[in-house]
Amino acid sequence: MQKLILFFSFLLISTGVLAQADTSAFVKFNDFNNAVLNGGVKKAEAQKQFETIIKEIHLIEMRSSRINRSNTQWLFPLKGYKSNAIGGTHGNGYFDKGYRYLDGNKHGAHPAHDIFINDRNQDCIDDRTKKPVDVIAVNDGWVIACTNQWSSTSDMRGGKFIWIYHPVDKVFTYYAHNNTIFVSPGMQVKQGQKIAEVGRTGYNAYKKRSPTHLHFSAFKLVDGIPVPYNPYEQLKQAKTL
Ligand SMILES: [Zn+2]
């Protein structure tokens, strides 16, 4: 009996220690992402950081049975909306020429789709449902960076944003301009889980000329750096909540 108790305490301690190590890797990545946003991260350093975090996530994932490894079909990132809410015509709001992740907040292009909600008076409340609009995870994954800090005097363009890594297809998704976020780095999220509510945070998104929307991007790792790709077809074929 005593041996059994000893064994279980060992198990608890060792998993506890691991959990702590895991979280610290995510926090490190979150700090690194903030450094990128503020400028001044070298490419070699970025590649090393991404390599570390991806390795870490795959290690955690091997121990986790909660990730659905067979599902690559997305869920549309806004509850109650579908692909006809995507701005532009046939997804032409997306253009990535000249974009580099390492340029941080000063980046060019628009490697994203803006998905608009019904909010004529810009109070972040849906005109039809009279409720905030839920931002949901498009697939199972891990929150690798986010911020719940933003003020209207900030020049940060993403506002309150979230980065999620999806181990199944090795894709990153990015959700910007949120009003409130409900996740933190190191958290595992399930497909369809509410991660935020649509908002108007961000240098341009806050301005009156900007209709309320979610800014949504998808990235793949190329040479250890996140490179955007156009997720329009995936969004069109996504299931809806
Ligand atoms: Zn946008």
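The values are calculated or read from the model by the stated rules, or taken from the named source; none is laboratory data. Since this is a predicted model, take the numbers as computed values, not measurements. Cβ sites come from the backbone with ideal geometry, for glycine too, and all protein chains shown count toward neighbours. Keep in mind that these areas ignore ligands, DNA and RNA; they rest on the heavy atoms of the full protein, side chains included. Shrake-Rupley method; radii C 1.70, N 1.55, O 1.52, S 1.80 Å.
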Can you tell me which residue is most open to solvent (accessible area, probe 1.4 Å) among those in segment 80-108 that are away from the ligand (no atom under 15 Å from the Cβ), over 23 Å from residue 133 (Cβ atoms) and not in a loop (DSSP other than H, G, I, E, B)? 106
Residue list for segment 187-213, restricted to those being within 26 Å of residue 103 (Cα to Cα) and in contact with a helix residue (DSSP H, G or I) (Cβ under 9 Å, 6 or more places away or on another chain): 203, 213
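Which of the residues that make up segment 174-191 are assigned to a loop (DSSP other than H, G, I, E, B), open to solvent by 20 Å² or more (accessible area, probe 1.4 Å) and under 21 Å from residue 131 (Cβ atoms)?
If the condition is that a residue be assigned to a loop (DSSP other than H, G, I, E, B), open to solvent by 20 Å² or more (accessible area, probe 1.4 Å) and under 21 Å from residue 131 (Cβ atoms), then 182 is the only one that fits.
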Being within 16 Å of the ligand (Cβ to nearest atom) and under 11 Å from the mean Cα position of the chain (by Cα): is that true of residue 217 here? yes
Test residue 120 against the stated conditions and say whether it is charged (D, E, K, R), more than 19 Å from residue 199 (Cα to Cα), in a loop (DSSP other than H, G, I, E, B) and away from the ligand (no atom under 16 Å from the Cβ). no
Just a yes or no: is a residue in segment 192-199 in a loop (DSSP other than H, G, I, E, B) and charged (D, E, K, R)? no
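Given 51, 45, which one is exposed (fewer than 15 other Cβ atoms within 10 Å of the Cβ), over 20 Å from the mean Cα position of the chain (by Cα), modelled with pLDDT of 75 or more and assigned to a helix (DSSP H, G or I)? Give the derivation first.
Details: 51 fails: over 20 Å from the mean Cα position of the chain (by Cα).
When all the criteria are applied, what remains is 45.
Suppose we keep only residues that are closer than 17 Å to residue 154 by Cβ and open to solvent by 20 Å² or more (accessible area, probe 1.4 Å) within segment 192-207. Which one would you say is farthest from the chain's Cα centre (by Cα)? Working first, answer last.
Our first condition is that a residue be closer than 17 Å to residue 154 by Cβ; within segment 192-207, this holds for 199-207.
Among the residues that remain, those that are also open to solvent by 20 Å² or more (accessible area, probe 1.4 Å) are: 200, 203-204, 206-207.
Working: 200: 16, 203: 18, 204: 19, 206: 20, 207: 23 Å.
Residue satisfying both the conditions and the ranking: 207.
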